[in-house]
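Inspection log for the structure reproduced underneath, given as structure tokens.
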Amino acid sequence: MHAHTQHTAPHSVSHPGYLVKIAAAIDELNQQHHAALAMSHRTDAQRAARAARLALNSARMAAWWGVLSGYLAHDPQMHRLHLRAAVIAEADEKSNARFWREAAADWQARAEHRPTSDAAGALSNWHELGVTA
């Protein structure tokens, strides 16, 4: 007969305090991101406000990924792959923040009946600029 072995849940792993704090901040920012996505965006002014909020949220997210990168770079217990992932996440969020800042500026310009930038919306308001294809 085989001895009956009881499987128990593994003991909870103790994470460094910085990981717990950063994970909580990123979780909160993810919730704020979804709340921003749910904002009304029927008018140009609403779209501008929504994009500005998304830009700020992405910038904050990038900052937290940067904080994590700093800790990981000096933590000998962490594999370098974790640092690489954090650096990539920081760069992605910086790019997202830039996109949303530009979108917010373009939507604000449209709300104020000004020409938009080439980056995000010039094609959508050619008629306002008197340009024809």
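Do we have E112 as among the acidic types (D, E) and surrounded by 12 or more Cβ atoms within 10 Å (Cβ to Cβ) here?
no
Please determine whether any residue of the stretch 72-80 is modelled with pLDDT of 95 or more, in a helix (DSSP H, G or I) and not basic (K, R).
yes
Within the stretch 92-104, identify whether any single residue is more than 24 Å from D27 (Cβ to Cβ), modelled with pLDDT of 95 or more and open to solvent by less than 60 Å² (accessible area, probe 1.4 Å), and answer yes or no.
yes
Would you mention how many residues in the stretch 36-67 are touching a residue at least 12 places away in the same chain (Cβ under 8 Å), open to solvent by less than 60 Å² (accessible area, probe 1.4 Å) and among the hydroxyl-bearing types (S, T, Y)?
Selection size over the stretch 36-67: 1.
Taking the stretch 51-67 as the search range and keeping residues that are among the aliphatic types (A, V, I, L, M) and closer than 20 Å to G17 by Cα, which one is farthest from the chain's Cα centre (by Cα)?
Across the stretch 51-67, the extreme among qualifying residues is V67.
Please find, within the stretch 68-80, the residue that is farthest from the chain's Cα centre (by Cα) out of those that are open to solvent by 60 Å² or more (accessible area, probe 1.4 Å) and under 11 Å from Y18 (Cβ atoms).
Across the stretch 68-80, the extreme among qualifying residues is H74.
The values are calculated or read from the model by the stated rules, or taken from the named source; none is laboratory data. Not measured: the values here are computed from a predicted model. Glycine also receives a Cβ, built like all others from the backbone with ideal geometry; neighbour counts cover every protein chain displayed. Surface areas here come from the heavy atoms of the whole protein model, side chains and all, with no ligands, DNA or RNA. Shrake-Rupley method; radii C 1.70, N 1.55, O 1.52, S 1.80 Å.
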